[in-house]
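Q: Let me begin by handing over the structure; questions about it come next.
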Amino acid sequence: MTQWLEPLWAGLGTAGFAFLFNLRGKDLPIVALGGALGWAVSMPILAATESQAFAYLVASMVIGIWAEVVAAVRRRPASVYIICAIIPLVPGAGMYYTMLEYVRGNNWNGLATGLATLLAAGSIAVGLAVSSAVSRLISLRSIARRLSSPRRKPTIENKGKYSQQSIRRGDKKNLSASQESRH
């Protein structure tokens with residue numbers, strides 16, 4: 001049961017953060033889905049590998065690719081979606097526990113917790129950088145444009161009307177070779 005509740009709470013937290021960043025309308029549930037997706041990806045990997053850094057690396061790569069696709073379809077910057085969707089992965093608890101250990105005088109525990117926190121934060125940054133590079137390489141924007149805008153097939157009526165307009169203007173470059181031979 002908690003395997004479904006945790007991504008739900010992560011999505012709701014992401015939506016709250018996105019609301020503070022003035023995202024409204026259709027973008028709010030989309031960003032909440034991204035936060036839930038990132039958390040849903042990271043939890044099984046964390047359970048299997050017990051490596052927070054690796055789990056965050058894979059989850060941030062998934063969020064980055066997801067954000068690039070959504071941004072291309074919605075024609076918005078990917079950073080709008082990345083900034084909000086990555087919030088559940090930010091190692092805030094690690095930062096808190098690092099400071100707590102130092103305040104208690106446990107310097108070695110503080111150092112270990114701090115390094116683990118830095119490794120997790122660095123993994124998030126590397127995952128987003130890799131996903132951005134991959135999306136540029138495979139040109140997700142052009143693929144999404146093709147998916148989001150339906151192609152119009154030329155009809156005979158439009159072709160004939162266009163040809164008549166071209167003839168009236170005397171515009172030879174808009175006429176095809178077959179049309180020029182007819183007129």
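The values are calculated or read from the model by the stated rules, or taken from the named source; none is laboratory data. None of these values were measured; they are calculated from a predicted model. Note that we place each Cβ from the backbone using ideal geometry, even for glycine, and neighbour counts take in every protein chain shown.
Q: Sort through V69, V103, V126 and tell me the only one that's β-branched (V, I, T) and closer than 27 Å to W4 by Cβ.
A: After applying the criteria, what remains is V69.
Q: Which numbered condition in (1) at pLDDT 90 or above; (2) on the phi > 0 side of the Ramachandran plot; (3) among the basic types (K, R) is the only one that R104 fails?
A: (2)
Q: So the check is Cβ under 7 Å with 6+ separation or different chains; which pairs have a first residue in the range 87-104 that's closer than 18 Å to A40 by Cα and assigned by TED's automatic domain parsing to the domain that holds S42 and a second one that's β-branched (V, I, T) and surrounded by 14 or more Cβ atoms within 10 Å (Cβ to Cβ)?
A: I87/T14; P88/T14; L89/I124; P91/T117
Q: Test I45 against the criterion of being in contact with a Lys or Arg (Cβ under 9 Å, 6 or more places away or on another chain), on the phi < 0 side of the Ramachandran plot and not charged (D, E, K, R), and give yes or no. So that I can check it myself, show each step before the final result.
A: Working: in contact with a Lys or Arg (Cβ under 9 Å, 6 or more places away or on another chain): no; on the phi < 0 side of the Ramachandran plot: yes; not charged (D, E, K, R): yes.
The answer is no for I45.
So that you can scan it fast, the table gives a plain yes or no per residue for (1) outside the structural domain of P91 (by TED's automatic domain parsing); (2) more than 14 Å from S123 (Cα to Cα); (3) touching a residue at least 60 places away in the same chain (Cβ under 8 Å):
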| site | (1), (2), (3) |
| --- | --- |
| L37 | no, yes, no |
| V41 | no, yes, no |
| L46 | no, no, no |
| E50 | no, yes, no |
| V58 | no, no, yes |
| R76 | no, yes, no |
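Q: Enumerate the helices (runs of 4 or more DSSP H) found wholly within the range 32-149, keeping only those where 1 or more residues are over 24 Å from G16 (Cα atoms).
A: 52-74, 92-104, 107-137, 140-148
Q: Moving on to the next point. Quick one: how many residues across the range 5-31 are in a loop (DSSP other than H, G, I, E, B) and either buried (at least 17 other Cβ atoms within 10 Å of the Cβ) or on the phi < 0 side of the Ramachandran plot (or both)?
A: The total comes to 4.
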